[in-house]
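A.B. asks: Below: one structure in structure tokens.
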Amino acid sequence: MVKSTKAAWPFVPLGSKVFDSLEIVSAKGAYLYPRNGPKILDASAGAAVGNIGWGRQEVADAAAASLAELTYTLPPIITRDRIALADRLVRDWLPGDMPGISFFGSGSEANEAAMRIARQYHLASGRESRWKIIGRDVSYNGTSLATLAVGGHDSRRKGFEPMAQKMPHANACYCLRCPLNKTYPSCEVACATSLEALIEAEGADTIAGFLAEPIVGTSGGALVPPDEYWPTIAAICKRHDIVLITDEVLTGFGRTGARMAIDHWNIEPDIIVLGKGMSGGYAAMSAIATKKHIPEAMSAAGIAPMFHTYSGHPTQCAAANKVLEIMDRENLVERVQELGPVLGEKLEVLQDHPNVVDVRGRGFLHALEIVKDKDSLEMFPVEDAITFKMMEATAARGVFTYFGGTGTVRDIICIAPPFIIGEDEMDMIVAALDGALTEVCSLVG
């Protein structure tokens, strides 16, 4: 046998002539620079990760200085960079009083940790029967077996059902395709009030937590709930002593025009899961934040949380801390508050296209949903691969966009640009989407 001398990368090709051969050699500001071809406007900030833009030298300098000073120490040990980042989160970014901070390496890790801690909190409180975490249909909370179980992403969970503990799922908050066949506002947010019946059916004394994104990210494509939704959910969870966990991995740190997306409804969860925007793509970091009663109960019961080898790596903490410093110094959350409606208005014109049934979102998180027939909401056949064709067509026009959907829900294109773009870049995004829609939808008929 002849030994391979080159890696097989990607591990499994995407099946796209454009993206399987794309090599990015550098990135600066809101642009990606391929080895071959012109620069590409990164209209999705990677996977909705970037906020301050790419290639900031001061972030690289902060990371390098930390690495030279302290390469590694165990995650629970106090270090300057860990404490600086944790303090900044508690002081400047989190709602209410949430001093319990623990760091991880990815959104999947942090969401699973939040699930474990909800269980451990109930164990510490003498409620051993509470172990279930309620998720939602049309959702995504990660790719570990536990987060696949609680999430509502059908295509990613497919095949792993025998390996993942079955968890209860609440109705999706998806007004366009309401799972209850109701219409807002006459529905009286039944997608939220129906949580009560689910809890009763499962048994309140078996439920440890409820986990959901405040605004559904890419799985549903920027699904913004009615204003009554989150206050209703929070009240139900409080009434049944269920730990309320909000997944802010994608929506946090200004992405929707608020520091945390849940701030739009003045809700203070028990646990918040953080990621992506915390480090802006400069470090592989995530975190959870909790109200103080959770670690206090665990400590009193002698129950310790688990950590991963590289959780809270000092270098990554230094990079994230500098990113958040820049966010505040340059008033980037306020910038999204100001320009988010402008981006939304510009994208809204695309709803005139005969195959665009909805344009939705908030802040710098928006999505288009593409259908074969607007009246019936009939989707294009799976084999038409609308999403990838759209991404390839926008890339050919110099704009990188991001895929959305769960397999069951599909043909969603997401826009989540860095916070530094201006109206000229917004116009480029709209023009690329408009041209791509005409090209792709005419090809499939």
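A.B. asks: Starting from the range 154-167, keep only residues that are assigned by TED's automatic domain parsing to the domain that holds Val138 and without any contact (Cβ under 8 Å) to a residue 40 or more places away in the chain, then list their pairs with residues that are part of a helix (DSSP H, G or I) and among the β-branched types (Val, Ile, Thr) whose Cβ atoms are within a distance under 7 Å, requiring at least 6 positions of separation or different chains.
C.D. replies: Within 7 Å, the pairs are Met167/Val150.
A.B. asks: Right, next: Looking only at the range 68-83, filter to residues that are assigned to a helix (DSSP H, G or I), surrounded by fewer than 17 Cβ atoms within 10 Å (Cβ to Cβ) and not acidic (Asp, Glu); which one of those is farthest from the chain's Cα centre (by Cα)?
C.D. replies: Ranking the candidates gives Ala68 first.
A.B. asks: Now, a different point. Among the candidates Gln337, Gln351, which residue alone is over 24 Å from the mean Cα position of the chain (by Cα), assigned to a helix (DSSP H, G or I) and surrounded by fewer than 21 Cβ atoms within 10 Å (Cβ to Cβ)?
C.D. replies: Residue meeting the stated conditions: Gln351.
A.B. asks: Look at Leu195 and say whether it is touching a helix residue (DSSP H, G or I) at 6+ places or on another chain (Cβ under 7 Å), assigned by TED's automatic domain parsing to the domain that holds Gly135 and either more than 22 Å from Thr147 (Cβ to Cβ) or in a strand (DSSP E or B) (or both).
C.D. replies: no
Here's the yes/no breakdown for (1) surrounded by fewer than 23 Cβ atoms within 10 Å (Cβ to Cβ); (2) part of a loop (DSSP other than H, G, I, E, B):
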| site | (1), (2) |
| --- | --- |
| Ile133 | no, no |
| Ser139 | no, yes |
| Ala149 | yes, no |
| Arg156 | yes, no |
| Ala172 | no, yes |
| Lys182 | yes, yes |
| Ser186 | yes, yes |
| Phe210 | no, no |
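A.B. asks: State whether the residues of the range 215-225 include one that is surrounded by 17 or more Cβ atoms within 10 Å (Cβ to Cβ), on the phi < 0 side of the Ramachandran plot, outside any loop (DSSP other than H, G, I, E, B) and of a type outside the set (Gly, Ala, Ser).
C.D. replies: So in the range 215-225, the residues surrounded by 17 or more Cβ atoms within 10 Å (Cβ to Cβ) come out as 215-225.
So of that shortlist, the ones also on the phi < 0 side of the Ramachandran plot come out as 215-220, 223-225.
From what's left, outside any loop (DSSP other than H, G, I, E, B): 216, 223.
Pick out the ones that are also of a type outside the set (Gly, Ala, Ser) and you get 216, 223.
Yes, there is a match, as at least one residue in the range 215-225 is surrounded by 17 or more Cβ atoms within 10 Å (Cβ to Cβ), on the phi < 0 side of the Ramachandran plot, outside any loop (DSSP other than H, G, I, E, B) and of a type outside the set (Gly, Ala, Ser).
Here is a yes/no grid of residues against (1) touching a strand residue (DSSP E or B) at 6+ places or on another chain (Cβ under 6 Å); (2) within 26 Å of Lys389 (Cα to Cα); (3) aromatic (Phe, Trp, Tyr):
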| site | (1), (2), (3) |
| --- | --- |
| Val323 | no, no, no |
| Leu332 | no, no, no |
| Val336 | no, no, no |
| Leu343 | no, yes, no |
| Glu348 | yes, yes, no |
| Asp352 | no, yes, no |
| Phe364 | no, yes, yes |
| Lys372 | yes, yes, no |
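The values are calculated or read from the model by the stated rules, or taken from the named source; none is laboratory data. Everything numeric here is computed off the predicted structure, so don't read it as measured data. Note that each Cβ is placed from the backbone with ideal geometry, even for glycine, and that neighbours are counted across all protein chains shown.
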